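Below: one structure, written as structure tokens.
The values are calculated or read from the model by the stated rules, or taken from the named source; none is laboratory data. Model, not experiment: these values are computed from the prediction. No Cβ is skipped: glycine too gets one built from the backbone with ideal geometry, and neighbour counts run over all protein chains shown.
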Amino acid sequence: MPAYNAEKTLQKTYSEIPFEIVDDIILVDDASSDQTSTLAKELGIHLVIHEKNLGYGGNQKTCYKVALERGADIVIMLHPDYQYSPKLISAIAHLLMSGEFDVVLASRILGGRAIQGGMPLYKYIANRFLTLVQNILLFTKISEYHTGYRAFTKEVLLALNLENNSNDFIFDNQMLSQIIYKGFKVGEISCPTKYFPEASSINFVRSLKYGISCLLVSLQFRLSKWGIIQSKLFTNN
């Protein structure tokens, strides 16, 4: 769980985790100003606290590093803001355990109810546009590149040099693009959308910056595949 000021939603998120299949829960508190860490300790969650805020990508880097150190075979990223349903963890894990996929994305688009779930119209339109362009540039077909609900096998995390990625929100997109670049098998599962005041969300200006960055990452991917440029994000090592 990459957490930042998640005190109001952590308990509800935690209560819906299927513990019969989950062996370990890790929460990385990215220098929250609320009681996120205190609540995590009360719940018995393995807690890591950043002394200063590193950003969403920096938080994930710590999450995956700690998960591997603690012997994880399958790692599922679940936001503690309750925007994504913890009840899907079992289904996601079984998809990875089948051996058919290396990565599973919980897509808010597949079910066709993103707007009904509260996704702002401008975000929905931007999501569909960016996904279309990225599918063209990455030569693949994924319903959504921008979900924050993702799962990986240990082998995927060991194969990626995540330290080369941004500490900001574009980290997710860089990571998924690297996964596709290396030829890992990506599966998707439908996930209901939840937007409410306590759920974390970036504003319009940061969304615009994120969208432009996504297009640049995809362009780097394609130019790297063609051998026109060398990028530290996309290597075969």
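Filtering I136, I189 for residues that are of a type in the set (V, I, T) and exposed (fewer than 14 other Cβ atoms within 10 Å of the Cβ) leaves a single hit, I136. Within the stretch 75-82, not a single residue is over 19 Å from L27 (Cβ atoms) and part of a loop (DSSP other than H, G, I, E, B). Residue count for the stretch 100-134, restricted to those that are under 19 Å from the mean Cα position of the chain (by Cα) and under 23 Å from T153 (Cβ atoms): 10.
The condition of being over 20 Å from K65 (Cα atoms) and out of contact with any Gly (no Cβ under 7 Å at 6 or more places or on another chain) does not hold for Q174. The criterion of at least 1 residues that are of a type in the set (D, E) is met, among helices (runs of 4 or more DSSP H) falling completely within the stretch 112-229, by 154-159, 171-181. Residue pairs whose Cβ atoms lie under 8 Å apart, separated by 6 or more positions or on different chains, with the first residue in the stretch 51-74 and within 13 Å of A151 (Cβ to Cβ) and among the acidic types (D, E) and the second in a helix (DSSP H, G or I) and at pLDDT 95 or above, are D73/K154. Might you let me know whether the stretch 16-39 holds any residue that is closer than 22 Å to I74 by Cα, at pLDDT 95 or above and in a helix (DSSP H, G or I)? The answer is no; no qualifying residue exists.
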